[in-house]
Each structure stands twice: as structure tokens, then as C-alpha cells.
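Heads up: the structure comes next, in C-alpha cells.
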Amino acid sequence: MYDTYQASGWNVYGGTSASSPIIAGVYALAGTPSANSTPASFPYANTSALNDVTSGANGSCSPSYLCTAGTGYDGPTGLGTPNGTAAFTG
């Protein structure tokens with residue numbers, strides 16, 4: 001979010017307070033899922049439609065994949081970030 005009121009520049013927000021509404025919005029934009037489908041499984045079947053975050057960390061811990069981004073699934077970013085709605089349709 002670009003802040004022009006208190007300081008000039010970008011503010012960084014994150015965590016579930018930011019990601020949950022984004023993912024809910026992407027699912028809404030993807031449309032009504034077909035009957036008897038499991039929408040929570042859609043991103044796992046369509047990982048190529050997500051932007052895989054491959055670098056960065058939110059601390060240090062063991063095992064490291066819980067705190068460090070890498071190729072594929074990792075703790076901080078899961079499967080990645082939405083690149084449109086394709087990963088959220090059945």
C-alpha cells in the first residue's frame with residue numbers, strides 16, 4: 001500500500017490479515033465451483049498457475065522450510081501467490 005499521508009513510500013503489511021481476504025477474493029472471482037468438488041484442493045492441482053516465491057525468510061527455525069522460502073511448497077508462502085484465478089478453479 002502506498003502511503004501519501006504520513007510518509008512517502010510503501011508500507012508493508014502481511015500475514016493472515018492480508019492474505020486471507022486476498023485468497024477469499026480470488027476464489028470469489030474464480031466463480032462457483034462445480035458440484036461435489038473440493039475447492040481447497042484446486043491450488044495443489046494447478047501449481048503452475050501460482051507465482052512460486054523462491055527466496056526470502058521470516059526468521060530462522062528448524063526445519064528451515066517453515067521459515068525460509070524455496071522452490072515448491074514452503075512454510076512462509078505455501079504454494080505461492082495467485083497469478084490470476086486459474087489455480088482456484090476445478
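Couple of notes before you dig in:
- Out of S34, S64, S19, S60, sole residue that is hydroxyl-bearing (S, T, Y), free of Cβ contacts under 8 Å to residues at least 40 places away in the same chain and surrounded by fewer than 12 Cβ atoms within 10 Å (Cβ to Cβ): S60
- Residue list for the range 67-87, filter: hydroxyl-bearing (S, T, Y) and either exposed (fewer than 12 other Cβ atoms within 10 Å of the Cβ) or touching a residue at least 60 places away in the same chain (Cβ under 8 Å) (or both): T71
- Scanning the range 74-85 for residues that are in a loop (DSSP other than H, G, I, E, B) and either modelled with pLDDT under 90 or among the hydrophobic types (A, V, I, L, M, F, W, C) (or both) turns up G75, P76, T77, L79.
The values are calculated or read from the model by the stated rules, or taken from the named source; none is laboratory data. Computed from a predicted structure; not experimentally measured. Methodologically, a virtual Cβ is constructed for each residue, glycine included, from the backbone with ideal geometry; neighbour enumeration extends over all protein chains shown.
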